[in-house]
Amino acid sequence: MFYIGFKTGPRTDAEGWYHAVGGLELGHDADGFAADLSVWSTRDYESQWRTGIARLAAGQESSALVTSYAGPTAAFHFMWPMWRVDDQIIFTERLVAGDTIRGPDVAEDFYRAVGERRSRSEDGDPISEWTVPFSDVLAFLAGA
């Protein structure tokens with residue numbers, strides 16, 4: 001099973017942060033996220049998710065699902081890098097330094113930031129990964 005989408009519409013919290021809450025299902029596991037809406041709309045995120053998955057379908061070895069982009073001056077952003085390994089997609093969650101995402105094509109900056117898949121951190125600790133059949137990810141794209 002694979003799914004990514006919004007659980008709420010746009011909202012502003014008590015501190016004035018404009019965002020929407022979303023969820024990601026990766027097999028039997030699920031995770032939530034809060035997408036900053038100061039620059040991208042929910043439609044922008046949904047479009048990037050479809051494009052990110054379509055890149056894998058077109059033969060790219062890696063791609064990303066951006067779950068929070070706060071603009072060119074932000075300190076950080078969030079994404080879920082994806083790597084295709086045979087008939088599986090490997091996912092991990094990653095914090096991305098704001099100065100990495102600066103170009104006019106923000107999505108391309110995120111795709112470049114994915115890099116090679118590593119299963120261990122620089123300290124040698126295992127990195128949390130989730131594996132989903134590629135067919136499940138493609139089924140989501142077909143229904144999106």
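The values are calculated or read from the model by the stated rules, or taken from the named source; none is laboratory data. Source: prediction; values computed, not measured. Cβ atoms come from the backbone with ideal geometry, glycine included; neighbour counts cover every protein chain shown.
Values for this structure:
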read-out	value
Considering residues of region 94-117 that are of a type in the set (Lys, Arg) and surrounded by 11 or more Cβ atoms within 10 Å (Cβ to Cβ) only, the residue farthest from Ser41 (Cα to Cα)	Arg117
Wholly within region 53-115, strands (runs of 3 or more DSSP E) carrying at least 1 residues that are without any contact (Cβ under 8 Å) to a residue 40 or more places away in the chain and of a type outside the set (Ser, Thr, Tyr)	76-85, 94-97
Unique residue being modelled with pLDDT of 95 or more and more than 24 Å from Ala144 (Cα to Cα) when the list is Trp17, Trp83	Trp17
Options Val137, Val66, Val132: the member that is farther than 19 Å from Glu46 by Cα and at pLDDT 95 or above	Val132
Tally, over region 7-38, of residues that are under 15 Å from the mean Cα position of the chain (by Cα), more than 24 Å from Glu129 (Cβ to Cβ) and either among the aromatic types (Phe, Trp, Tyr) or exposed (fewer than 13 other Cβ atoms within 10 Å of the Cβ) (or both)	0
Those residues of region 118-142 which are at negative phi, surrounded by fewer than 16 Cβ atoms within 10 Å (Cβ to Cβ), not in a helix (DSSP H, G or I) and not hydroxyl-bearing (Ser, Thr, Tyr), in sequence order	Arg118, Arg120, Glu122, Asp123, Asp125, Pro126, Ile127, Glu129, Pro133
Index of the failed condition, Tyr45 passing every other in (1) within 13 Å of the chain's Cα centre (by Cα); (2) touching a residue at least 40 places away in the same chain (Cβ under 8 Å)	(2)
Subset tally (residues that are part of a strand (DSSP E or B) and either under 13 Å from Arg43 (Cα atoms) or touching a Cys at 6+ places or on another chain (Cβ under 8 Å) (or both)) for region 5-24	5
Number of the exception - Val85 against (1) more than 27 Å from Ala142 (Cβ to Cβ); (2) of a type in the set (A, V, I, L, M, F, W, C); (3) loosely packed, with under 14 Cβ neighbours inside 10 Å	(1)
Among (1) out of contact with any Phe, Trp or Tyr (no Cβ under 8 Å at 6 or more places or on another chain); (2) modelled with pLDDT under 95, the one test that Ile101 misses	(1)
